[in-house]
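Single-structure report; data block below.
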Amino acid sequence: MQKMRVSTADFIKNYGTLADKALAEPVTITKNGRDRLVVLSAEEYERLKRRDRRVVRLEEFTDEEMALIARAEVPPGHEALDDELKDWRP
């Protein structure tokens, strides 16, 4: 899926339409061809803030969450990270 990218000038000209579009998907605003800002819904912003602030002690994980963690796999392309843990000890 291609993310929506518009120049600052286009965003200003089409604010209403693009602000409505940002309710459904983030809209990246560019300046001189570089990503500068992202406009997203207040709901998505709050969801992201909650996600970043979730702190859970090990004892608070459910059995289901522990099972999910145990089954988790590193996505392909990150094999180099294994080398960093090769000699790791707590």
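For residues in the range 38-59 being outside any loop (DSSP other than H, G, I, E, B) and open to solvent by less than 100 Å² (accessible area, probe 1.4 Å), which is modelled with the lowest pLDDT?
Start the filter on the range 38-59 by keeping residues that are outside any loop (DSSP other than H, G, I, E, B), which leaves 38-39, 42-53, 58-59.
After this cut, where a residue has to be open to solvent by less than 100 Å² (accessible area, probe 1.4 Å) as well, the list is 38-39, 42, 44, 46-49.
Working: 38: 96, 39: 96, 42: 95, 44: 92, 46: 90, 47: 87, 48: 88, 49: 84.
Residue satisfying both the conditions and the ranking: 49.
How many residues does the range 1-23 hold that are of a type in the set (A, V, I, L, M), within 22 Å of residue 47 (Cα to Cα) and either touching a strand residue (DSSP E or B) at 6+ places or on another chain (Cβ under 8 Å) or touching a residue at least 12 places away in the same chain (Cβ under 8 Å) (or both)?
Residues of the range 1-23 of a type in the set (A, V, I, L, M): 1, 4, 6, 9, 12, 18-19, 22-23.
Those still in the list that are within 22 Å of residue 47 (Cα to Cα) too: 1, 4, 18-19, 22-23.
Of the ones still in play, those that are also either touching a strand residue (DSSP E or B) at 6+ places or on another chain (Cβ under 8 Å) or touching a residue at least 12 places away in the same chain (Cβ under 8 Å) (or both) are 4, 18-19, 22-23.
Number satisfying all stated conditions: 5.
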Failed criterion for residue 30 (all others in (1) in contact with a Lys or Arg (Cβ under 7 Å, 6 or more places away or on another chain); (2) at positive phi; (3) not hydrophobic (A, V, I, L, M, F, W, C) hold): (2)
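The values are calculated or read from the model by the stated rules, or taken from the named source; none is laboratory data. Every value quoted in this text rests on a predicted model; they were computed, and no experiment measured them. No Cβ is skipped: glycine too gets one built from the backbone with ideal geometry, and neighbour counts run over all protein chains shown. Only protein heavy atoms, including side chains, enter the accessible area calculation; ligands, DNA and RNA are left aside. Shrake-Rupley method; radii C 1.70, N 1.55, O 1.52, S 1.80 Å.
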